[in-house]
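See structure below.
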Amino acid sequence: MSDQIVDFEVLMQQALQGDQRAYTDLLQATVRLLRPYLAKRLSFTAETDDLMQEILISIHKARHTYNSARPYKPWVYAIARFRLQDYLRVHYADRLHHALALSEVENYFPQDVTPVVFSYESISGEIAKLPPKQAAILKMMHHEGATAKETAQKIGMQVSAVKVAAHRAYKILRAKLERI
Amino acid sequence: MRKLEQLLITLSRDAAIANPAPHPYILSMKWIVTAAIYLAVTLLVFRWRPDLMQKLQDPWFVAEIAALAVIFIATSLSAALLSFPDLHQMRRLALAPALLLALFLPLVFFSWSAANPLAILSTHTYECTLCLALIALLPATWIFFEMRKNASTHSRWAGAMAVLSALSIGALWLRLHEVNDSIGHVIEWHYLPMIGFGIVGAWLGKILLKW
C-alpha cells in the first residue's frame, strides 16, 4: 500500500471501531510516513527504530484523542515531534553527563599546539608588574605547570575565578608586549 | 526491524474499540459550568460582599469581573485544547489567553488610575493569596485529573493554563467576597501571585501530564 492511496482518516476511523486489519495497515503506513522524517533528524538506523517504537506506542495510547473530523497527519506529526524532542533531550543530557571537562584532560596533552613566542622567563619582568594575585596565578600555571584546578586549590579560589584572573592577566600582557 | 514488526502485531491485537475523548468545547464547557456552580456555592457558604450591589454600579469593577470571567473561559478552553496532542488543530484559540491577559493589564492600570484615594483599604495581606490558592485547589485538581485522560504534548503550557483557569475562579471569588476597594492590594495580593502560581502550574504540568 503506497502513501498516495492510503486514506489515514478512514483507516483510523475503522481502527477506533476495533478493526484490527485497518489498525495494522494504519500503523504500517504511519511507519512509512514517519521514517524519512526521523531519519533526517537522527544519525543511526537503530535510533530511528527505537524512537519509532516509542512513537507507535504513543499513538496507541493517544488514539482516543483523534477523531476523523480532522486530518490525521498533523495529529501524528505532533506526537512524533513530541517523542523526538523527548528522545533528543535525554540523549544530549546523557552525553553532557558523561562529558569530561577540559581541565581534567589538559595534563595529557603532549605539547602546546601553538608555537610559544615568549617563554615565562623572558616575560617574567612584565609578569612581576601585574597585580600580585594575577602574577601568582600565571607563575603557578606557566612556570610550575599547574592546571587551573590545582592553582585554584592552592590559592583557595574558585576554578572559574582563576580562569578569569588568568584571562585578564593575558590581556594586560598582550597589550604590553604588542607595544614592545 | 523484527522488534518493530512484533510491536505492530502486538498493538494491532490490542485494537479494541476506543472511546473517543470529548471535543475540547464540550470538555471546557463541562469545566466552566462546574466551576460556575462551585463559585456560586462557595459564595453562598462564605457570603458575598455586603456592598456588592453598590459595587456593580462601578464600571471599572464590572469590567474587572467581566475580564476575569472571560479569562476564566479562555484559559479553560485553552487547557482543554492543550490536552490534545495536536491542540485539536486550533492553535490560535489555544493561545488566545495570552492576548486576553495582555488586555487585562491595561484594564488593571486604568482601574488603578481611577481608584478612589479614600477607598477602604484592606487589612489583609497574604491571607488573600492563601484564600485564592485554597479556592482554586479543587478546580485545579479536577482539571488536571481530566487532562490526564488525554495526551498533552505541551504539558508545561497545559499545566499553566489549568492553574490559571482555576485561579481565575479564586480571583473572582475574592473580588465578590472581600470588602476591598484598594486596587493596589488587589494587584499585589491577588493578581501578582497568580503569575507565580502560573509558573508552579507549568512545573506541575510537566510532572502530572506526563504520558
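Among residues belonging to segment B:187-209 that are without any contact (Cβ under 8 Å) to a residue 60 or more places away in the chain and among the hydrophobic types (A, V, I, L, M, F, W, C), point out the one that is farthest from B:Thr75 (Cα to Cα).
B:Ile207
What is the number of the single condition among (1) in contact with an Asp or Glu (Cβ under 9 Å, 6 or more places away or on another chain); (2) within 14 Å of chain A (Cβ to nearest Cβ); (3) in a loop (DSSP other than H, G, I, E, B) that B:Phe84 does not meet?
For B:Phe84, the failing item is (1).
Can you tell which of B:Gly205, B:Gly159 is surrounded by 23 or more Cβ atoms within 10 Å (Cβ to Cβ), more than 13 Å from the chain's Cα centre (by Cα) and under 21 Å from A:Thr65 (Cβ atoms)? Can you show your working first?
Values: B:Gly159 fails: more than 13 Å from the chain's Cα centre (by Cα).
Checking each option against the conditions leaves just B:Gly205.
Quick check on my filter: what residues within segment A:53-77 are within 7 Å of chain B (Cβ to nearest Cβ), buried (at least 20 other Cβ atoms within 10 Å of the Cβ) and not hydroxyl-bearing (Ser, Thr, Tyr)?
A:Leu56, A:Ala62, A:Arg63, A:Trp75
Among the listed residues B:Ala102, B:Ala136, B:Ala79, identify the single one that is within 30 Å of A:Ile57 (Cβ to Cβ) and either under 16 Å from the mean Cα position of the chain (by Cα) or at pLDDT below 90 (or both). Steps first, please.
Values: B:Ala102 fails: within 30 Å of A:Ile57 (Cβ to Cβ); B:Ala136 fails: within 30 Å of A:Ile57 (Cβ to Cβ).
Result of the check over B:Ala102, B:Ala136, B:Ala79: B:Ala79.
Tell me which residues, restricted to segment A:27-52, are farther than 16 Å from A:Leu88 by Cα and at the interface with another protein chain (Cβ under 9 Å from one of its Cβ atoms).
Across segment A:27-52, the qualifying residues are A:Leu27, A:Gln28, A:Val31.
For (1) modelled with pLDDT of 95 or more; (2) closer than 21 Å to B:His88 by Cα; (3) exposed (fewer than 14 other Cβ atoms within 10 Å of the Cβ), each residue gets a yes or a no:
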position	(1), (2), (3)
B:Gln6	no, no, yes
B:Ile9	no, no, yes
B:Ser12	no, no, no
B:Ala15	no, no, no
B:Asn19	no, yes, yes
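Take segment B:111-133 and flag every residue that is surrounded by 13 or more Cβ atoms within 10 Å (Cβ to Cβ), modelled with pLDDT under 85 and part of a helix (DSSP H, G or I). Even if it seems obvious, please write down each step before you answer.
Kept after step one, since they are surrounded by 13 or more Cβ atoms within 10 Å (Cβ to Cβ), are these residues of segment B:111-133: B:111-112, B:115, B:119, B:122, B:124, B:128-133.
Next, only the ones that are modelled with pLDDT under 85 stay: B:111-112, B:115, B:119, B:122, B:124.
B:Ser111, B:Trp112, listed by residue number.
In segment B:3-50, which residues are among the basic types (Lys, Arg) and at the interface with chain A (Cβ under 10 Å from one of its Cβ atoms)? Even if it seems obvious, please write down each step before you answer.
From segment B:3-50, those among the basic types (Lys, Arg) are B:3, B:13, B:30, B:47, B:49; that's our starting set.
Of everything in segment B:3-50, those that are among the basic types (Lys, Arg) and at the interface with chain A (Cβ under 10 Å from one of its Cβ atoms) turn out to be B:Lys3, B:Arg13.
Quick check on segment A:66-73. Is at least one of its residues farther than 22 Å from B:Ala16 by Cβ, touching a residue at least 60 places away in the same chain (Cβ under 8 Å) and out of contact with any Asp or Glu (no Cβ under 6 Å at 6 or more places or on another chain)? Don't jump to the end; show me each part of the working.
Residues of segment A:66-73 farther than 22 Å from B:Ala16 by Cβ: A:70-71, A:73.
Of the ones still in play, those that are also touching a residue at least 60 places away in the same chain (Cβ under 8 Å) are A:71, A:73.
In the following step, the residues that additionally are out of contact with any Asp or Glu (no Cβ under 6 Å at 6 or more places or on another chain) were identified as A:71, A:73.
Yes, because at least one residue in segment A:66-73 is farther than 22 Å from B:Ala16 by Cβ, touching a residue at least 60 places away in the same chain (Cβ under 8 Å) and out of contact with any Asp or Glu (no Cβ under 6 Å at 6 or more places or on another chain).
What are the residue pairs meeting all of these: first residue in segment B:31-53, first residue under 25 Å from B:Thr75 (Cα atoms) and in contact (Cβ under 8 Å) with a residue 40 or more places away in the chain, second residue surrounded by 15 or more Cβ atoms within 10 Å (Cβ to Cβ) and among the polar types (S, T, N, Q), Cβ atoms under 6 Å, and 6 or more apart or on different chains?
Close Cβ pairs satisfying both conditions: B:Trp31/B:Ser76; B:Ile32/B:Ser76.
The values are calculated or read from the model by the stated rules, or taken from the named source; none is laboratory data. Small disclaimer: the values here were computed from a predicted structure and weren't measured. Every residue, glycine as well, gets a Cβ built from its backbone with ideal geometry; the counts of neighbours run over all protein chains shown.
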